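Working notes for the structure below.
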Amino acid sequence: MNTKSVVVITIDGPSGAGKGTLSQLVAKRLGYHLLDSGALYRLVALSAHNLNVNFQDEQAIADVASKLHVKFDTTGDATRILLVGEDVTDAIRQESVSMNASVVAAYPKVREALLQRQKDFAQLPGLVADGRDMGTTVFPNAQVKIFLTASAEARAQRRFKQLQEKGVAVNMDELVSDIKARDDRDTQRATSPLKPADDALILDSTSLTIEQVLSAILAHVR
Ligand code: DC
């Protein structure tokens, strides 16, 4: 297929800026496919853990990444993620998996192993790609690039609310320091660090609602 005619919209930014929700909304509004690239790093982390692979062994983790047997099953608005046929949609969101995902994501060989798999998501009529390096590395020729950010405090506050709604007891100071630690790891790694592409529109969602950010993104797309 001639992928030049596929419209690609990249939405990059730090954890908790609202990329996931907004990417889903933009994809739905435009009838485009969706790539949740963070889920791939989470799947590598979960799979490596299940297989008892040593997290210090970059090559062994990269082998897990290249053999990843995953299916994204979308029915209506819901996507279930299947790893070797097992539904791991909720399992990959656990805190332990988040931590291991940021470790495996720092390995260049793992990023290389996942590169083509991510590019293959670019299918007609278009793709919304959510991640950290969508506009810089995976889809450098994307027609529309957004970098969505928010202050660490605002992101921690949103996470605090989500966890409270689930009945999980959390400490706000710990959430802020966890978010800052993850930001540091994502922005300071040597390969594909988190940073806006030169041609990205930078949106700060700190004091905006989801609807306001969605409108800004759709206006930019148009
Ligand atoms: O967006 P997320 O929290 O699901 O991402 C999980 C981890 O993977 C996080 O540490 C950042 C990393 N990641 C990455 O390095 N590159 C991407 N394109 C997407 C996520």
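In a GNM of the chain with a 10 Å cut-off on Cα contacts, which of Thr136, Thr89, Thr79 has the highest mean-square fluctuation?
Thr79
How high is the relative contact order of the range 149-195, in percent, with contacts defined as C-alpha pairs under 8 Å that are six or more residues apart?
Answer for the range 149-195 is 30 percent.
How high is the relative contact order of the chain? Use alpha-carbon pairs under 8 Å, at least six apart in sequence, and give a whole percent.
Value for the chain: 33 percent.
Return the FRET efficiency for the residue pair Thr74, Val7: r is the Cβ-Cβ distance, R0 is 25 Å, and the value is rounded to the nearest 0.05.
Given R0 = 25 Å and the Cβ-Cβ separation, E is 0.85.
Enumerate the calculated ³J(HN,Hα) couplings along the range 123-131 in order (Karplus 6.51 cos²θ - 1.76 cosθ + 1.60, θ = phi - 60°), each rounded to whole Hz, writing x wherever the residue is Gly or Pro.
Coupling constants for the range 123-131: 10, 4, x, x, 9, 10, 10, 9, x Hz.
Work out the length of the dipole vector of the chain about its Cα centre, built from +1 on the beta-carbon of each Lys and Arg and -1 on the beta-carbon of each Asp and Glu, and round it to the nearest 20 debye.
Roughly 440 debye, rounded to the nearest 20.
Work out, step by step, the length gained on full extension between Asn50 and Gln212: first 0.36 nm times the residue separation, then minus their alpha carbon distance; give nm to one decimal.
Gain on extension, Asn50 to Gln212, equals 54.3 nm.
Can you list the residues, at least 5 places off or on another chain, whose amide H is less than 5 Å from the amide H of Leu34, using H built in the peptide plane?
Under 5 Å from the amide H of Leu34: Val128.
Identify which of Val84, Val44, Val103 has the largest mean-square fluctuation in a Gaussian network model of the chain, with springs joining Cα atoms closer than 10 Å.
Val84
Given Cα pairs under 8 Å that are at least 6 residues apart, what percent is the relative contact order of the range 96-222?
Averaging sequence separation for qualifying contacts and normalising by length gives 33 percent for the range 96-222.
I'd like the distance separating the alpha-carbon centroids of the range 90-158 and the range 25-53, in whole Å.
For the range 90-158 versus the range 25-53, the Cα centre distance is 8 Å.
Readers should treat all values here as calculations from the given coordinates under stated rules, not as data from a laboratory. Nothing here was measured: the structure is a model prediction, and the numbers come from that model. Glycine also receives a Cβ, built like all others from the backbone with ideal geometry; neighbour counts cover every protein chain displayed.
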